[in-house]
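Step one of this worksheet: look at the structure below.
The values are calculated or read from the model by the stated rules, or taken from the named source; none is laboratory data. None of these values were measured; they are calculated from a predicted model. In this analysis, Cβ positions are derived from the backbone assuming ideal geometry, glycine residues included, and neighbour counts consider all displayed protein chains. Areas reflect the complete protein model, heavy atoms only, side chains present, ligands, DNA and RNA absent. Shrake-Rupley method; radii C 1.70, N 1.55, O 1.52, S 1.80 Å.
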Amino acid sequence: MDYVTLANGVKMPQLGYGVYQVTKEECKRCVLDALDVGYRAIDTAQSYFNEAEVGEAIAESGIDRKEIFLTTKVWIEHYGYEQAKESVLQSMEKLKTDYIDLVLLHQPFADYYGAYRALEDLYEEGKLRAIGVSNFYPDRLVDIASFARIKPMVNQIETHPLNQQIEAHEWLEKYGVIHEAWAPFGEGRGNMFSNHVLQEIGKKYDKTVAQVILRWQLQRGIVVIPKSTHKERMAQNLDLFDFTLTNEDMQAIAALDTKTSSFFSHQDPAMVEWFVKMVEERKGK
Ligand SMILES: NC(=O)c1ccc[n+]([C@@H]2O[C@H](COP(=O)([O-])OP(=O)(O)OC[C@H]3O[C@@H](n4cnc5c(N)ncnc54)[C@H](OP(=O)(O)O)[C@@H]3O)[C@@H](O)[C@H]2O)c1
């Protein structure tokens, strides 16, 4: 396994397992499978509603907690200082742990400064080993990195061959923030897994498109957290350390960039309204 070193010296595995859209019913089995094939980093979130199952799997695996790098994210409806602090303590309980390796603010909306101050305090109390953000595109990233007491150590953003985040990456480097890719395969959108350029590169090394994509991100210094519910794919996505893409391969992949999200833009006001509506609806429940 390769590691990146965060601004505070903490080492984070460059490859982990993500559990977005893994149902409560399947999550414990999936995380146990992932740990069994060798993953030692798990990425969950309050809004995935599977933290408890992740916690159960880790406890059941018998693997020393210190060997596992655990990430969760605070959801918008828990923003503001007090609520964010309380929600992280609740996440810890669900995850059956007395510390979390990395906690991120999931979205750059609502009172994220209040929420971030809660993360800073929990970090200083020793309950979190590292803190950061997610979906903070360069304008928001520069803002929080400049005005917060502790700079975010990680920013988790959509990154895959069709949306490579070249400019965002430069801003992250400037502020010493590690780039973590969400949806490293773009969830397969844009016919990602049958992309001809990626297939041809894979053939040279006897590797799949998925492996080529992940290897490309590792060589860019990016942390990846692919999701799969299939054990053989989990193992395949981990089998990346016996080949190296050439500069020519890297350039061929660079040419696939559309500089456009395969999902939605966080700068689109209609999408911000969508998030607001979701928070309102959940309050009503
Ligand atoms: N911060 C955020 O806002 C945010 C947003 C999205 C995701 N994330 C994080 O990033 C993680 C990964 O992103 P994601 O789950 O959205 O998408 P992804 O990892 O890009 O893609 C997952 C899809 O690829 C398929 N797949 C996985 N490995 C494969 C392989 N070797 N060959 C063929 N197909 C394969 C999976 O199918 P099967 O499961 O059927 O194998 C699934 O449909 C999430 O789980 C989550 O932890 C964060």
Would you be able to tell me the number of residues in region 230-254 that are open to solvent by less than 30 Å² (accessible area, probe 1.4 Å) and either more than 16 Å from Val209 (Cα to Cα) or near the ligand (Cβ under 9 Å from one of its atoms) (or both)?
2
Scan region 171-193 residue by residue and report those that are of a type outside the set (D, E, K, R), near the ligand (Cβ under 10 Å from one of its atoms) and not in a loop (DSSP other than H, G, I, E, B).
Ala181, Trp182, Gly186, Gly188, Met192, Phe193
Checked region 14-24 for anything within 14 Å of the ligand (Cβ to nearest atom) and of a type outside the set (S, T, N, Q); matches are Leu15, Gly16, Tyr17, Gly18, Val19, Tyr20, Val22
Among (1) on the phi < 0 side of the Ramachandran plot; (2) crowded, with 22+ Cβ neighbours inside 10 Å, there is one condition Ala183 misses while meeting the rest; what is its number?
(1)
One residue is enough: does region 255-266 have a residue meeting the conditions within 12 Å of the ligand (Cβ to nearest atom) and open to solvent by 70 Å² or more (accessible area, probe 1.4 Å)?
no
